[in-house]
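Trainee: Questions regarding the structure given below will be posed in turn.
The values are calculated or read from the model by the stated rules, or taken from the named source; none is laboratory data. None of the values given here were measured: they were computed from a predicted structure. Glycine also receives a Cβ, built like all others from the backbone with ideal geometry; neighbour counts cover every protein chain displayed.
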Amino acid sequence: MMNTLSRVAAFRWHATLAIVGAAVLNCAVSSVMAGPSNSLMDISSDGSLLACANRDSGTVTIVNLDAHTKRNEVLVGAKPEGVSFIGATHEVAVAVYGEDKIVYVDADNGKTTGQTEVFDEPYGIVSNERGDRLYVTLDYPGQVVEIDVKTREVARQFSVGKFIRGIALAPDGRRAFLTEFYTAVVKAVDLATGKVSDEWHGASTDNLVRQIVSHPRRPKAYFAHMRSRATMSHGEGSIFPYVSVVDTDPGEGRRRKRIPMDSFLGNRVTANPWEVAVSADGRQFYVVFSGTDDMFACDVIDDNYREIALRGNLRLGHNPRAVRVAPDGETFYVYNALDFAVAAYDAQRLRLLATIPVCDNPLGEEVRQGKILFHSALQPMVGRRWISCSSCHPDGESDGRTWQKQEGQRDTPSLSGLAWTHPVLWSANRDEVQDWEHTIRGSLMQGRGLIRGDVQPVLGPPNKGHSADLDALAAYTNSQTFTLSPHAKGGLSDAANRGREILFSAKAGCVRCHKGPFYTDSAPRPPERIIRHNVGTGDDDPTETMGPAYDTPTLLGVYRTAPYLHHGKALTLKEVFSVYNSADRHGTTSHLTKSQIADLVVFLKSLPYEDPDSSATKVGLTKIVD
């Protein structure tokens, strides 16, 4: 049987043949970057500057690539998720996810030059070759906006799907390829008409796609994603890493192929693929794994079969989230997000050339360590490298899945506001995040754990204080906050005010459980005072072993956290009332008309319309402080 090194050598030999053939067909190699694609990093077309979005610090850093030094750092706003140089200029456009705006930065002098407001959650951003148009994905509500660079105004907007993040322009600039974050569906939009012209669907288990890249010459697009097998409760059977390749030509025989990254190099398992990159000449391919802190460097094979062949596996820094290749293909760059640094590598020898700090640690040492552990699929968190906390809670949010757990079906909740809304889990069987040590050591994660020695039982004496790392994990997990709903930017609408009256009415009785600034009766309290409610939903799941009473979830942010209820069977907020509350056990709603239910849904989508932390402090509520 051929060993791993022999297989790699064979792959490289075939890749070399393919590259030689491609060179004959393409005598002139492009000197510009591969087709524009979204990323946390971008390189200017002349190869002199790199822009890096620092999500945790709210800044963009400009790096001088000739000297591998930080040139300047610019404050742009909360959670920048994408950067793009505009055409051939040194002007950078930044998608500021947490503040719903595009910020423009002069990379030469480090000054902001203006901004464009958008509806909500701008994520991916790319420029066309002329530099007169920007295209931006809005994660919520699933739109693409086209911005006129000269006027910096939104020229057009297209509704194209749900939770759109990834975007890449076709080499001819006529189409944009888009990815849905939760479904991994790829869509092509005709930029002349703004209409979806093609779609590529994968398996129902495909999940979490943040980015997509076009090949500069071949009709191919590449993206990294996960496969979430929600019917499995063991780590090694639930989460798988993939790179998928889409044939972008229209017509019959179009293919979409998944390449399993966990078996790409013998039995080496990788976790949580984040971004991919293709060199400008189309020969090099890279994918980074944020869970196992490594990457695959590959050759692109022009065979419509294997597609990529491994050149090397590199260990990286903490939580790599971006990779870009220099226009000349001689160097590639990796953003190690929790080292707050960009690493430069020799693309031929796969050797580290330089490490460039891009910002100071904005989190503090404890929260940074907790975030490293939260995103890690390595020991002591995880035994077999398949899964991390962030596999199901990406950046503290939901993965949009309902998992079949040993205790029954469980929809993945967002962790926003967790410090105010303990206990933890739908079954309310953990009163502190530190109780997650049981999961770390259990069948799901199979890690050594963070506590030396025995662990206190859940709802028993505290596990807090027994491990600095475990307390750090809790500190990061409890740091998640809400953003205000985009549906209430102009205040509550008339329909939302009518819905608010219904929610707070004595007849509906919703606020008996969904009360206070966080619209829940959950709060940090001793185990003997934990509150659970039986609202009839436990009877809908024959696999339930711990119900039928559950913790009351917050209503804040429900506009973007479908599906609903502990078993995830309600696909819309309307279904919560019209389908899954026929006996009026989940509030009294059977008397409501269709228009009243519609008003109630409008109000719920407007939450939160004010800062819940400030409101909670004013009324004297307490939260977990780690």
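Trainee: Considering G235, G161, which residue is of a type outside the set (K, R), modelled with pLDDT under 95 and over 24 Å from D299 (Cβ atoms)?
Mentor: Sole residue among the options that is of a type outside the set (K, R), modelled with pLDDT under 95 and over 24 Å from D299 (Cβ atoms): G235.
Trainee: To continue, here is another question. Quick one: which strands (runs of 3 or more DSSP E) sit completely within segment 234-323 and have at least 3 residues that are over 21 Å from the mean Cα position of the chain (by Cα)?
Mentor: Answer list for segment 234-323: 294-300, 308-315.
Trainee: Could you tell me whether any residue of segment 585-593 is among the basic types (K, R), farther than 22 Å from K162 by Cα and either surrounded by fewer than 14 Cβ atoms within 10 Å (Cβ to Cβ) or without any contact (Cβ under 8 Å) to a residue 24 or more places away in the chain (or both)?
Mentor: no
Trainee: All but one of (1) in contact with a Lys or Arg (Cβ under 6 Å, 6 or more places away or on another chain); (2) under 24 Å from F482 (Cα atoms) hold for L178; state the number of the condition that does not hold.
Mentor: Only one criterion in (1) in contact with a Lys or Arg (Cβ under 6 Å, 6 or more places away or on another chain); (2) under 24 Å from F482 (Cα atoms) is unmet by L178, namely (2).
Trainee: Any residue at all in segment 57-66 that is under 23 Å from the mean Cα position of the chain (by Cα), of a type outside the set (S, T, Y), closer than 25 Å to L169 by Cβ and modelled with pLDDT of 95 or more? Full working, then the answer.
Mentor: Within segment 57-66, the first condition is being under 23 Å from the mean Cα position of the chain (by Cα), and the residues that meet it are 57-61.
From the residues that got through so far, the ones that are of a type outside the set (S, T, Y) too are 58, 60.
Within this subset, residues satisfying the condition of being closer than 25 Å to L169 by Cβ are 60.
With modelled with pLDDT of 95 or more added as a condition, the list becomes 60.
Yes: one or more hits.
Trainee: Still on this structure, please answer the following. Cβ-Cβ under 8 Å, sequence separation 6+ or interchain: first residue in segment 73-99 and of a type in the set (S, T, Y), partner at pLDDT below 95. Which pairs?
Mentor: Once the first residue is of a type in the set (S, T, Y) and sits in segment 73-99, its partners that are at pLDDT below 95 give S84/P36.
Trainee: Looking at (1) aliphatic (A, V, I, L, M); (2) assigned by TED's automatic domain parsing to the domain that holds D521; (3) within 22 Å of S522 (Cα to Cα); (4) modelled with pLDDT under 95, which is the one condition that is false for L573?
Mentor: The number of the failed condition is (4).
Trainee: List the pairs whose first member sits in segment 187-212 and is free of Cβ contacts under 8 Å to residues at least 24 places away in the same chain, whose second member is surrounded by fewer than 17 Cβ atoms within 10 Å (Cβ to Cβ) and in a strand (DSSP E or B), and whose Cβ atoms are under 7 Å apart, counting only residues at least 6 apart or on separate chains?
Mentor: The qualifying pairs are D190/S197.
Trainee: Please enumerate the residues belonging to segment 578-599 that are closer than 22 Å to N534 by Cβ and of a type in the set (G, A, S).
Mentor: Scanning segment 578-599 gives S578, S582, A583, G587, S590.
Trainee: Give me a count of the residues in segment 143-171 that are of a type outside the set (A, V, I, L, M, F, W, C), buried (at least 20 other Cβ atoms within 10 Å of the Cβ) and either assigned by TED's automatic domain parsing to the domain that holds R560 or not in a strand (DSSP E or B) (or both).
Mentor: 2
Trainee: A follow-up question, please. Out of all the residues in segment 410-420, is one or more under 24 Å from Y123 (Cβ atoms), in the same structural domain as V74 (by TED's automatic domain parsing) and of a type in the set (A, V, I, L, M)?
Mentor: No, because not a single residue in segment 410-420 is under 24 Å from Y123 (Cβ atoms), in the same structural domain as V74 (by TED's automatic domain parsing) and of a type in the set (A, V, I, L, M).
Trainee: From V32, V24, grab the single residue that is modelled with pLDDT under 95, within 29 Å of the chain's Cα centre (by Cα) and surrounded by fewer than 21 Cβ atoms within 10 Å (Cβ to Cβ).
Mentor: Step by step, each of V32, V24 is checked, and only V32 is modelled with pLDDT under 95, within 29 Å of the chain's Cα centre (by Cα) and surrounded by fewer than 21 Cβ atoms within 10 Å (Cβ to Cβ).
Trainee: May I ask you to say which residue of A95, A78 is of a type in the set (A, V, I, L, M, F, W, C), outside any strand (DSSP E or B), under 27 Å from S416 (Cα atoms) and modelled with pLDDT of 95 or more? Talk me through it step by step, then tell me what you get.
Mentor: Values: A95 fails: outside any strand (DSSP E or B).
Of A95, A78, the one residue that is of a type in the set (A, V, I, L, M, F, W, C), outside any strand (DSSP E or B), under 27 Å from S416 (Cα atoms) and modelled with pLDDT of 95 or more is A78.
Trainee: Is there a residue in segment 542-553 that is surrounded by fewer than 17 Cβ atoms within 10 Å (Cβ to Cβ), in a loop (DSSP other than H, G, I, E, B) and in contact with a helix residue (DSSP H, G or I) (Cβ under 8 Å, 6 or more places away or on another chain)?
Mentor: Residues of segment 542-553 that are surrounded by fewer than 17 Cβ atoms within 10 Å (Cβ to Cβ), as a first pass: 542-543, 545, 549.
Okay, now just the ones that are also in a loop (DSSP other than H, G, I, E, B), so 542-543, 545, 549.
Pick out the ones that are also in contact with a helix residue (DSSP H, G or I) (Cβ under 8 Å, 6 or more places away or on another chain) and you get 549.
Scanning segment 542-553 turns up at least one residue that is surrounded by fewer than 17 Cβ atoms within 10 Å (Cβ to Cβ), in a loop (DSSP other than H, G, I, E, B) and in contact with a helix residue (DSSP H, G or I) (Cβ under 8 Å, 6 or more places away or on another chain).
Trainee: Of everything in segment 127-138, what is surrounded by fewer than 24 Cβ atoms within 10 Å (Cβ to Cβ) and not polar (S, T, N, Q)? Give them in sequence order.
Mentor: Matches in segment 127-138: E129, R130, G131, D132, R133.
Trainee: Within segment 176-187, can one find any residue that is part of a loop (DSSP other than H, G, I, E, B), hydroxyl-bearing (S, T, Y) and at pLDDT 95 or above?
Mentor: The answer is yes; a qualifying residue exists.
Trainee: Another question about this same structure. Check off (1) closer than 20 Å to A428 by Cα; (2) surrounded by 17 or more Cβ atoms within 10 Å (Cβ to Cβ); (3) at pLDDT below 95 for A616 and give me the number that stays unchecked.
Mentor: Single failed check for A616: (1).
Trainee: Please determine, by comparing only the residues of segment 402-421 that are assigned to a loop (DSSP other than H, G, I, E, B) and modelled with pLDDT of 95 or more, which one is surrounded by the most Cβ atoms within 10 Å (Cβ to Cβ).
Mentor: T421
Trainee: Could you count how many residues in segment 449-506 are of a type in the set (G, A, S) and either in a helix (DSSP H, G or I) or touching a Ser or Thr at 6+ places or on another chain (Cβ under 8 Å) (or both)?
Mentor: 10
Trainee: Sticking with this one: If you check E121, E117, which single one turns out to be in the same structural domain as T61 (by TED's automatic domain parsing), closer than 28 Å to L484 by Cβ and touching a Lys or Arg at 6+ places or on another chain (Cβ under 8 Å)?
Mentor: Exactly one residue qualifies, and that residue is E117.
Trainee: Search segment 524-541 for residues being part of a helix (DSSP H, G or I) and without any contact (Cβ under 8 Å) to a residue 24 or more places away in the chain, and hand back the single one that is surrounded by the most Cβ atoms within 10 Å (Cβ to Cβ).
Mentor: The residue in question is D539.
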